[in-house]
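Inspection log for the structure reproduced underneath, given as structure tokens.
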Amino acid sequence: MTRAVVVIDGEHYAPVVRDAIAELPYEVVGAWLAGGTEKLRGGDEYGVPLLAQLEDGFAQAEVVVDLSDEPVLSPPARFLLASRALAAGLTYKGADFQFEPPEYAAFPLPSLAIIGTGKRVGKTAVTGHVARLLSRDRDVVVVAMGRGGPAEPLTAEVAPTVESLLALSRAGAHAASDYLETAALTGVVTIGCRRAGGGLAGAVTTSNVLRGAELAAEREPDLVIFDGSGAAIPPIDVDARILVSGAAQDPTAYLNAYRVLVSDLVVVIGGGSDVDAVRALKDVPVVRADLRLRPVAPLEGRRVAVFTTGPAPTEHLDADVVSVSRNLADRARLREDLERTDADVFLVEIKAAAIDVVAEAAHERGVEVAFAENEIVTLPGEPSLDDAILQLVPTGAPA
């Protein structure tokens, strides 16, 4: 019989809870009192041992059953309990909800994963930073999954160029997929995969990442980096994870708490998130940083039009910036911006409509295209991001 831990509260009369526990189709190994005193009379018996901490019963259980309710457990409090259960590999369920822990496939080589709390938080930029740092003295392969990835995993052996990405786009492919961005900006061998759907805890409905992982393992690199997609987590059991959160997001809200609990380093982009809340949830290094747009080729004072998906500043660029469009993810507005644009160089992030709209427009006009990466800049007073990353490199990976 499946073994369970139950969550109870003192707003329920003890005999009611005791009978409810007896009716459960589980072997209940213990109950944890979440709070509430209204209906506690002292010496209450529940028919099962009471646990001092919820986690005290995790080693014996497969499921956590929530028999509590408002006002003891608010929805945010329940998401936190669910996160704790899922991080321990347990199912968390209640009267009308059930959360299953994401499944992760075993992987034979040293590995890291970069995951995010959502889309456009700087996760791909962190992946690029990690790949460049660790490939200085190691053979590194990146496996990237995305919502526009290829039907079968594809390996980018060499850094894509504007011309090769245009060719992909004209053939009907998404030529600004994360794997192509990473390959173009880092020069690291990158395997592109796809996924569809994403659960609250980061599981995917379907993906070809497992096949991508096999291709990476066949190359026998020193280290494999798995790049997540939005808030979706690569379905691979890696040695360590880096969680990236944006300033506009709460890294502990809903099941983001689960992401914190299964991560070994948290990078907060924009510096606005509650770092103390992260550390209260788990004793994990937290580094705050900003993104800075960096051209991969010198601009040398030329007339430049910048195309991005977000609010990255441009004042530091060594160029005569004549226009800035932040509409790469909105093709209609982007085309309107292009109609008003007159520049010698289009500086563009490899995202969204960068290739099929911006690079195509540049090709038609005979305008040069330069790629831009989002450079990770640690905020003043923060610990070294590179040192924190190096601490995560698995023992089996050469240094």
Note to self: Could you go through region 143-153 and let me know if any residue there is open to solvent by 40 Å² or more (accessible area, probe 1.4 Å), over 30 Å from residue 312 (Cα atoms) and in a loop (DSSP other than H, G, I, E, B).
What the structure shows: yes
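Would you tally the residues in region 67-84 being farther than 23 Å from residue 101 by Cβ and either surrounded by 20 or more Cβ atoms within 10 Å (Cβ to Cβ) or among the hydrophobic types (A, V, I, L, M, F, W, C) (or both)?
1
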Next item on the list: Within region 248-281, track down each residue that is open to solvent by 50 Å² or more (accessible area, probe 1.4 Å) and either within 17 Å of the chain's Cα centre (by Cα) or more than 21 Å from residue 82 (Cα to Cα) (or both).
Entry: 248, 249, 250, 254, 264, 272
Next item on the list: For residue 206, state whether it is in contact with a strand residue (DSSP E or B) (Cβ under 8 Å, 6 or more places away or on another chain) and buried (at least 22 other Cβ atoms within 10 Å of the Cβ).
Entry: no
Note to self: I'd like the full set of residues that are under 27 Å from residue 128 (Cα atoms), more than 24 Å from the chain's Cα centre (by Cα) and in a loop (DSSP other than H, G, I, E, B), limited to region 304-361.
What the structure shows: 314, 315, 316, 317, 318, 319
Next item on the list: Quick one: in region 209-232, of everything that is farther than 22 Å from residue 245 by Cα and part of a loop (DSSP other than H, G, I, E, B), which residue is least open to solvent (accessible area, probe 1.4 Å)?
Entry: 221
Margin query: Can you tell me which residue is nearest to residue 72 (Cα to Cα) among those in region 3-21 that are out of contact with any Gly (no Cβ under 6 Å at 6 or more places or on another chain) and open to solvent by 50 Å² or more (accessible area, probe 1.4 Å)?
Written below: 12
Next item on the list: Quickly run through region 31-48 and pick out the residues that are surrounded by 13 or more Cβ atoms within 10 Å (Cβ to Cβ) and on the phi < 0 side of the Ramachandran plot.
Entry: 31, 32, 33, 34, 39, 40, 44, 46, 48
Item checked: Residues being within 24 Å of the chain's Cα centre (by Cα) and either part of a loop (DSSP other than H, G, I, E, B) or not aromatic (Phe, Trp, Tyr) (or both) - total across region 161-185 -> 12
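Do we find a residue being within 23 Å of residue 301 (Cβ to Cβ), in contact with a Leu (Cβ under 8 Å, 6 or more places away or on another chain), modelled with pLDDT of 95 or more and hydroxyl-bearing (Ser, Thr, Tyr) anywhere in region 335-350?
Start the filter on region 335-350 by keeping residues that are within 23 Å of residue 301 (Cβ to Cβ), which leaves 337-338, 340-349.
Add one more test, that the residue is in contact with a Leu (Cβ under 8 Å, 6 or more places away or on another chain), and what stays is 345, 347-349.
Still in the list and also modelled with pLDDT of 95 or more: 345, 347-349.
From what's left, hydroxyl-bearing (Ser, Thr, Tyr): none.
Checked against the condition, which is being within 23 Å of residue 301 (Cβ to Cβ), in contact with a Leu (Cβ under 8 Å, 6 or more places away or on another chain), modelled with pLDDT of 95 or more and hydroxyl-bearing (Ser, Thr, Tyr), region 335-350 yields no hits at all.
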Notebook entry, point to check: Would you call residue 158 in contact with a strand residue (DSSP E or B) (Cβ under 9 Å, 6 or more places away or on another chain) and open to solvent by 30 Å² or more (accessible area, probe 1.4 Å)?
Noted result: yes
Check: Just wondering, is there one or more residues in region 345-362 that are open to solvent by 30 Å² or more (accessible area, probe 1.4 Å) and over 25 Å from residue 173 (Cβ atoms)?
Finding: no
Next item on the list: For residues that are open to solvent by 20 Å² or more (accessible area, probe 1.4 Å) and assigned to a loop (DSSP other than H, G, I, E, B), tally how many sit in region 105-136.
Entry: 9
Check: Would you pick out the residues in region 294-316 that are of a type in the set (A, V, I, L, M, F, W, C) and either at pLDDT 95 or above or open to solvent by 20 Å² or more (accessible area, probe 1.4 Å) (or both)?
Finding: 296, 297, 304, 305, 306, 307
Next item on the list: Enumerate the pairs (first residue in region 62-84 and on the phi < 0 side of the Ramachandran plot and touching a residue at least 24 places away in the same chain (Cβ under 8 Å); second residue anywhere and of a type in the set (Gly, Ala, Ser) and in a helix (DSSP H, G or I)) with beta-carbon separation below 6 Å, excluding pairs fewer than 6 apart on the same chain, so at least 6 apart or on different chains.
Entry: 64/85; 67/20; 80/257; 83/257
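The values are calculated or read from the model by the stated rules, or taken from the named source; none is laboratory data. Please read all numbers here as calculations on a predicted model, not as lab measurements. In this analysis, Cβ positions are derived from the backbone assuming ideal geometry, glycine residues included, and neighbour counts consider all displayed protein chains. Note: accessible area is taken over every heavy atom of the protein model, side chains too, but ligands, DNA and RNA are not part of it. Shrake-Rupley method; radii C 1.70, N 1.55, O 1.52, S 1.80 Å.
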